Structure formats: structure tokens, C-alpha cells
1. Treat every Asp and Glu Cβ in segment 37-169 as -1 and every Lys and Arg Cβ as +1, leave all other atoms uncharged, and give the resulting dipole magnitude about the Cα centre to the nearest 20 debye.
2. HN-Hα J couplings of segment 63-74 from phi, Karplus 6.51/-1.76/1.60, θ = phi - 60°, integer Hz, Gly and Pro as x?
3. Sticking with the crude label model, points 7 Å out along Cα→Cβ, report the distance from ASN222 to VAL113 in nm, one decimal please.
4. What is the distance in Å between the Cα centres of segment 25-81 and segment 219-265?
5. What fraction of the DSSP beta bridges in the chain is antiparallel, stated in percent and rounded to the nearest 5?
6. Can you tell me the length gained on complete extension of the stretch PHE246 to ARG12, counting 0.36 nm per residue apart and subtracting the Cα distance?
7. Using r as the Cβ-Cβ distance of ASP39 and GLU134, and R0 as 41 Å, what FRET efficiency do you calculate, to the nearest 0.05?
8. Can you list the HN-Hα couplings for segment 104-114, worked out from phi with the Karplus curve (6.51, -1.76, 1.60; θ = phi - 60°), rounded to whole Hz and with x for Gly and Pro?
Amino acid sequence: MQDKVVAILETRTGAHLAELIARLGGSPMPAPALVEVPDVDSDRLAALLASSAAHPFSMAIFQTGVGTQALFEAADRLGSTPMLSRMLGQAIVVVRGPKPLGELKSRGVRVDVRAAAPFTTEMVLAAVSGIALERGRVLVQRYGESNRKLCEGLQARGAAVEEIASYRWALPEDVGPLMRLIDALAASKVDAVVFTSAVQVRNLFAIAERMQHGADLTRFLNAVVVASIGPVCTAALMERGVKPTFEASPPKLGPLVQALARALH
């Protein structure tokens, strides 16, 4: 990918992704498309923990590493971490992927069920399909927004679902890099765009709308290499008429960068 301009919308691991691309000769163009804002309601967390003594949770589902970490840090501030650990010790603990698994292990929490790759909502529902949920109480660690598909799937099986927010997604305060990316796409000065979450897709299109380029962005993206980290991201792109050049398999940065190098060879 020598001298190819690669736009990176990732924030948290954006610097690492840029380094991987630069090592292969590419020219990274950082354009962070979202920020993760801590959003744990301490009062709600305290109430859920208090209620679990009389009405235990039969299952707890953790979807993201950063959200799991935020939840435990909120419990730390409340002095309620031992109560949270006891509650999880009585429940079937489910993780969506390796990041929440690592966070839970660091806290000494036993993990009972792991969703299979590519760690989608469908994989979570499949992983718990053989577990009785009727009249069971299920705690779901919410990430940047409510996972309606997961909650509705659990409720359809008779579960009482309690979501607890851990963080929310927002646009960065400085959207200048995103605006410059859209201008560069319009001027055919970008060779590839890397998407690592569905929210990045939504936010990029929101900025394009502000710039009166909403109707053009699909065309701009379909004229370059579009890398997607996984099926959820791919679905968000396809909904807007963008056909990814490839989808990483498995959905991790290493395979994504390797596939990007091949696409830009």
C-alpha cells in the first residue's frame, strides 16, 4: 500500500491502526468519528444491586470491554464491587467477545458462556439458546446505545431484561478531520477508508449531510477501497448503499490490515 492514503475513523485504537498502516508504507489519515462518553447511572446500578438480593439475576450479559470496565469502576466508586461480584457469582455470565472476557477475568469473575466469532448479537442469542430463560431476570451491559435486537430476543423467550448503561457514543467535539475527509473523498484524494464500527458509518454520513454531501457520500465511498471490521459494520454500510471491498475475518485489526494491504497492492 505504498503511499496510499488510508482514512481511519477509529478513535480508541486509531493510533495503533495508523502505526500498522504506516509500517506497510501507507499514509494514514486520522478522522475520528466518535467518542465514548462514560454514562453509568450510579443510582440505577445501586438499585439493581440492592434488588438482586431478593430477586437474583439468572444471567448477566457483557457486550464490550470498555463498558464492562466502566461498570466495575462505577461499582468501585460506590463501594459495591463485592456486591456486584456476589451477584455475578450467582448468575450465568455471558460475554460477547474477548474484550469483556479479559475485563471480567481481571476482576476474578467466572465466565460461563462465550459467543462465537464474529461476536454479533445473533451469536450471543445462539450461545444462550439452550438455557432456560422463562421468568428469569437478565442483566445486559449496554454499550453506546440500546441493543434492541438482543433485548427483544431475550424477552421473546420470557426473560425480564434489565439494561444498565455504561457509556454512550457521541460525535467528537472537533469534527474538522471528518469534514476534511469528506472533502478529500470528493477530490479523489483518498485511496481507502477503514470502518471499525457501525456508529462510525452513521456519524460520517451525519457530517456529510451537514456539508450538503449526504447524497454524494455513497458514491464517494464506492469509488475507493472500503474496509469493514465485521458483519455489523458491513450491514450499516450496505444500508447506505456502500458495498465494502472486504470484511475482516476474523473481525480483528490484524486480519483487517492484512486484507487492506492485499486490496491496495
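1. It comes to approximately 280 debye.
2. Ordered by residue, 3J(HN,Hα) equals 9, 9, x, 5, x, 4, 4, 4, 5, 5, 5, 5 Hz.
3. My value for the distance between the label points is 4.0 nm.
4. 29 Å
5. Here the share of antiparallel DSSP bridges comes out near 10 percent.
6. Gain in length upon complete extension: 82.0 nm.
7. 0.85
8. Coupling constants for segment 104-114: 5, 4, 5, 9, x, 8, 6, 10, 9, 9, 10 Hz.
Taken together, the values in this text are just the output of simple stated rules run on the coordinates, not laboratory data. Not measured: the values here are computed from a predicted model. With ideal geometry, Cβ positions are generated from the backbone for all residues, glycine too; neighbour counts draw on all protein chains shown.
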